1. At a probe of 1.4 Å, how much accessible area disappears from chains B and A on forming the pair, both sides counted, to the nearest 100 Å²?
2. Can you compute the equivalent ellipsoid semi-axes for chain A, i.e. the square root of 5 times each eigenvalue of the Cα gyration tensor, sorted largest first and rounded to whole Å?
3. Divide, for the stretch A:37-90, the radius of gyration over alpha carbons by 2.2 N^0.38 Å, where N is the residue count.
4. Please give me, ordered by residue number, the GluC sites (Glu not before Pro) of the stretch B:1-81 that lie in loop per DSSP and have at most 10 other Cβ atoms within 10 Å.
5. Not counting the cut sites, what is the longest span of chain A without trypsin sites (Lys or Arg not before Pro) that DSSP labels loop and that have at most 16 other Cβ atoms within 10 Å?
6. May I ask for the distance between the Cα centers of the stretch A:27-53 and the stretch B:1-45, given as a whole number of Å?
7. Return the carbon/sulfur percentage of the accessible area of the stretch B:70-112, one whole number, probe 1.4 Å, all protein chains in place.
8. Probe 1.4 Å, all protein chains in place: accessible area of residue B:45 in Å², nearest 10?
Amino acid sequence: NAGVMQNPRHLVRRRGQEARLRCSPMKGHSHVYWYRQLPEEGLKFMVYLQKENIIDESGMPKERFSAEFPKEGPSILRIQQVVRGDSAAYFCASSLQREGRGKQFFGPGTRLTVL
Amino acid sequence: KQEVTQIPAALSVPEGENLVLNCSFTDSAIYNLQWFRQDPGKGLTSLLLIQSSQREQTSGRLNASLDKSSGRSTLYIAASQPGDSATYLCAAGGQAGTALIFGKGTTLSVSS
């Protein structure tokens, strides 16, 4: 059973470009979470999704960031018009049960660098 | 608002020592407490998950305890090895269905 998969592992973008980060949850998991780890900071929750639904986006910046988890395919975290402050490691996690009830399994992360 | 604190921020020990990592949280209404390991430039590996109704969990040389009333959890590592060198993160799962709240971690270095 493959773990949580994220791609790309490393992404370099210039200011103003778009970044698309992909996450495939573990087989059978329908709950996906995105976290961001800024340099010298802890992991911060961004968004929690189930298939075709955003459940909690309280940690998402109000502008330029969006997330989806379609019926088919991976979850996508999209950052429009990236700025240098978006440089961070973005982690995806999945769980079998809704948050708070199940163990979350984390992917290897996507390290975004904005030039 | 839940806040999670880990002390110390960094720890260096010689191989073979037993050690304790500390985690404290401000809101005792948690659903679970999870300990993770993160190697440099890598993702997170889940080590132990303690449900709010439990007091401790054990896996090999690792033992994690949870005291909700005092807002504390500890991760005990027995007979430390150089391969244990990593950053250890604790995270609180909120009862209201909020996502995991992480501490900033303790970076452990075990010398041979």
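1. Values: alone 6010 and 6690 Å², together 11090 Å².
So the buried area, both faces added, is about 1600 Å².
2. In descending order the semi-axes read 22, 14, 13 Å.
3. Expressed relative to 2.2 N^0.38 Å, the Cα Rg reads 1.19.
4. Passing both the DSSP loop test and the Cβ count: no residue.
5. The reported range is A:72-97.
6. 19
7. Looking at the stretch B:70-112 in its full context, I get 51 percent from C and S.
8. 80
The values are calculated or read from the model by the stated rules, or taken from the named source; none is laboratory data. Note that this is a predicted model, so its numbers are computed, not measured. In this analysis, Cβ positions are derived from the backbone assuming ideal geometry, glycine residues included, and neighbour counts consider all displayed protein chains. Surface accessibility is based on the protein's heavy atoms, side chains included, excluding ligands, DNA and RNA. Shrake-Rupley method; radii C 1.70, N 1.55, O 1.52, S 1.80 Å.
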